[in-house]
Amino acid sequence: MMNIPTSSFPRVVIIGGGFGGLSLAKKLKNKGFQVVLLDQHNYHTFQPLLYQVATGGLEAGSIAYPIRKVVQNYDEIYFRLAHVNRIDTDGKKVIADIGIIFYDYLVIATGSKTNFFGNTSIQKNSMAMKTIPQSLNIRSLVLENFEEALLTNDMEEKLALMNFVIVGAGPTGVELAGALAEMKKAVLPKDYPDLDIRKMEINVIQGSNQVLDAMSDKSSERAEHFLKKLGVSIWKNEQVTDYDGNVVMTKNGTTFRTATVIWTAGVKGAAIDGFKDEVMLSRGNRMKVNEYNQVIGFDNVFAIGDVAGMVSEKLPGGHPMMAQPAIQQGRLLAQNLVRLVSKKPLKPFVYNDKGSMATIGRNKAVVDLPKWHFSGIFAWFVWMFVHLMSLIGFKNKIVVLWNWVYNYVIFDREGRLIIRPYKRKNNESFPDDTDL
């Protein structure tokens with residue numbers, strides 16, 4: 001067992017300490033529940049800034065916050081560091097690596113993980129960027145590639161080490177490409193004066209006909225313009241079919257010789273074993289939920305955030321897999337759990353779309369609001385303000401702001417440190433990035 005004390009309050013077990021799970025846990029404070037929060041990390045990760053950790057703009061600690069500190073002043077809330085293996089819905093229990101816990105209400109807020117679409121070769125040889133350890137691996141690999149490029153006289157190998165291929169031109173791919181391009185422009189020539197950094201390539205491969213295809217056409221066009229201005233090569237309508245660790249192959253026959261492929265082409269729900277196939281959406285591996293976030297077929301099991309697929313005519317694939325739907329669903333679910341215990345009607349979830357945004361580098365960003373689209377330096381300041389205010393913890397906000405100001409004035413990235421060397425072995429698979 002997990003040594004959770006008995007209580008007269010109904011027990012809510014929340015799996016996942018991401019945006020949705022923490023939002024729910026905080027709103028259940030003093031609401032007459034015993035809350036047990038499970039996660040395989042003891043910290044919350046602010047995923048929108050992972051790319052800055054990967055490119056040396058921020059240290060990992062500035063975008064992570066201890067989960068225990070979030071809930072330390074709450075009564076009847078318990079956190080356990082655990083990896084959940086499966087759910088026994090008949091026995092109303094969660095089975096994890098540290099033991100078993102019974103629940104009255106279960107909330108699955110496990111988020112998403114990288115989707116390689118079943119291509120094991122790409123999964124084995126490319127890099128994902130969904131967790132802090134993965135971002136640190138990318139940072140180390142990028143820097144190690146340049147160290148290795150200094151030592152080889154083989155020009156093809158040198159160029160491959162300096163060629164970075166990003167698969168997927170969503171916000172993560174676009175922001176990562178912009179950050180690498182700024183490193184090429186202002187940082188790497190000073191660090192490696194005996195390398196011709198002009199030969200460094202940044203290739204972004206996108207399966208559709210535009211970058212940021214989930215945003216407006218105007219924002220997509222501006223983002224592509226910004227990237228090209230930074231020297232990034234964009235390959236649209238190209239689908240990567242294989243990567244053997246040396247050469248990227250596409251469906252159209254285009255090839256890229258590279259030592260580094262970063263996969264940002266898709267995510268899927270991080271569902272947990274224990275549910276029948278009919279509960280799962282075939283697209284995105286998300287759990288089917290009704291308008292109250294109840295998993296189909298259950299009154300006491302809920303899913304929120306990326307792992308929840310609330311399908312409608314307007315949203316046939318469910319809500320976007322972003323922070324805001326998870327936060328809003330968590331807040332409403334806290335109200336509905338209170339109503340459920342009080343035998344009152346539940347409130348249906350209605351998503352308040354506050355817009356989307358992406359930054360492409362210094363003074364360059366695009367912002368889509370429900371009725372307004374803009375780009376450039378004003379959008380860049382809006383992007384910074386929104387992300388800064390969304391961070392958990394006053395210290396993290398100050399540290400990130402200071403780093404941004406310093407990097408802007410000095411045009412440098414102090415975090416380009418190889419703290420934990422990383423080189424993939426030939427038989428090594430990338431560790432699962434599920435955040436349970």
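The values are calculated or read from the model by the stated rules, or taken from the named source; none is laboratory data. Since we're looking at a predicted model, the values are computed, not measured. Using ideal geometry, Cβ is built from the backbone for each residue, glycine included, and neighbour counts are taken over all protein chains shown. To get the accessible areas, we keep the full protein, side chains included, count just its heavy atoms, and leave off ligands, DNA and RNA. Shrake-Rupley method; radii C 1.70, N 1.55, O 1.52, S 1.80 Å.
Overview of values
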| quantity | calculated |
| --- | --- |
| Qualifying residues in the range 6-26 (those that are touching a residue at least 40 places away in the same chain (Cβ under 8 Å), assigned to a loop (DSSP other than H, G, I, E, B) and more than 16 Å from L340 (Cα to Cα)) - the one farthest from the chain's Cα centre (by Cα) | S7 |
| Residue that is surrounded by the fewest Cβ atoms within 10 Å (Cβ to Cβ), among those in the range 36-76 that are of a type in the set (A, V, I, L, M) and over 20 Å from G361 (Cβ atoms) | A60 |
| Flag for L176 being touching a residue at least 24 places away in the same chain (Cβ under 8 Å) and closer than 29 Å to S121 by Cα | yes |
| Cβ-Cβ under 7 Å pairs, at least 6 apart or on other chains, the range 396-410 side more than 11 Å from I63 (Cα to Cα) and open to solvent by less than 40 Å² (accessible area, probe 1.4 Å), far side part of a helix (DSSP H, G or I) and not polar (S, T, N, Q) | W404/M384 |
| Subset tally (residues that are closer than 25 Å to T250 by Cβ and touching a residue at least 24 places away in the same chain (Cβ under 8 Å)) for the range 186-219 | 17 |
| Filter result (of a type outside the set (G, A, S) and either free of Cβ contacts under 8 Å to residues at least 12 places away in the same chain or in a loop (DSSP other than H, G, I, E, B) (or both)) within the range 265-279 | I272, F275, K276, D277 |
| Flag for K288 being in contact with a Leu (Cβ under 9 Å, 6 or more places away or on another chain), of a type in the set (D, E, K, R) and surrounded by fewer than 21 Cβ atoms within 10 Å (Cβ to Cβ) | yes |
| Residue match in the range 51-64 (condition: assigned to a strand (DSSP E or B), at pLDDT 95 or above and among the hydroxyl-bearing types (S, T, Y)) | no |
| Given (1) open to solvent by less than 40 Å² (accessible area, probe 1.4 Å); (2) on the phi > 0 side of the Ramachandran plot, number of the condition S135 does not satisfy | (2) |
| Count of residues meeting criterion [farther than 21 Å from F46 by Cα and open to solvent by less than 70 Å² (accessible area, probe 1.4 Å)] in the range 315-340 | 11 |
| Strands (runs of 3 or more DSSP E) completely within the range 164-264 that count 2 or more residues being surrounded by 22 or more Cβ atoms within 10 Å (Cβ to Cβ) | 201-205, 240-243, 260-263 |
| Test: I87 is more than 22 Å from the chain's Cα centre (by Cα), surrounded by fewer than 17 Cβ atoms within 10 Å (Cβ to Cβ) and in a strand (DSSP E or B) | no |
| Strands (runs of 3 or more DSSP E) wholly inside the range 323-397 containing at least 3 residues that are under 29 Å from P66 (Cα atoms) | 356-361 |
| Residue match in the range 257-267 (condition: among the charged types (D, E, K, R) and more than 26 Å from T241 (Cβ to Cβ)) | no |
| Criterion violated by F79 - all others in (1) surrounded by fewer than 20 Cβ atoms within 10 Å (Cβ to Cβ); (2) not in a loop (DSSP other than H, G, I, E, B) satisfied | (1) |
| Test set (1) closer than 19 Å to T55 by Cα; (2) without any contact (Cβ under 8 Å) to a residue 40 or more places away in the chain - L151 fails condition number | (1) |
| Qualifying residues in the range 143-175 (those that are among the aliphatic types (A, V, I, L, M) and touching a Ser or Thr at 6+ places or on another chain (Cβ under 7 Å)) - the one farthest from D217 (Cα to Cα) | A160 |
| Looking only at the range 27-42, and only at residues there that are touching a residue at least 60 places away in the same chain (Cβ under 8 Å) and touching a strand residue (DSSP E or B) at 6+ places or on another chain (Cβ under 9 Å), the one that is nearest to V341 (Cα to Cα) | F33 |
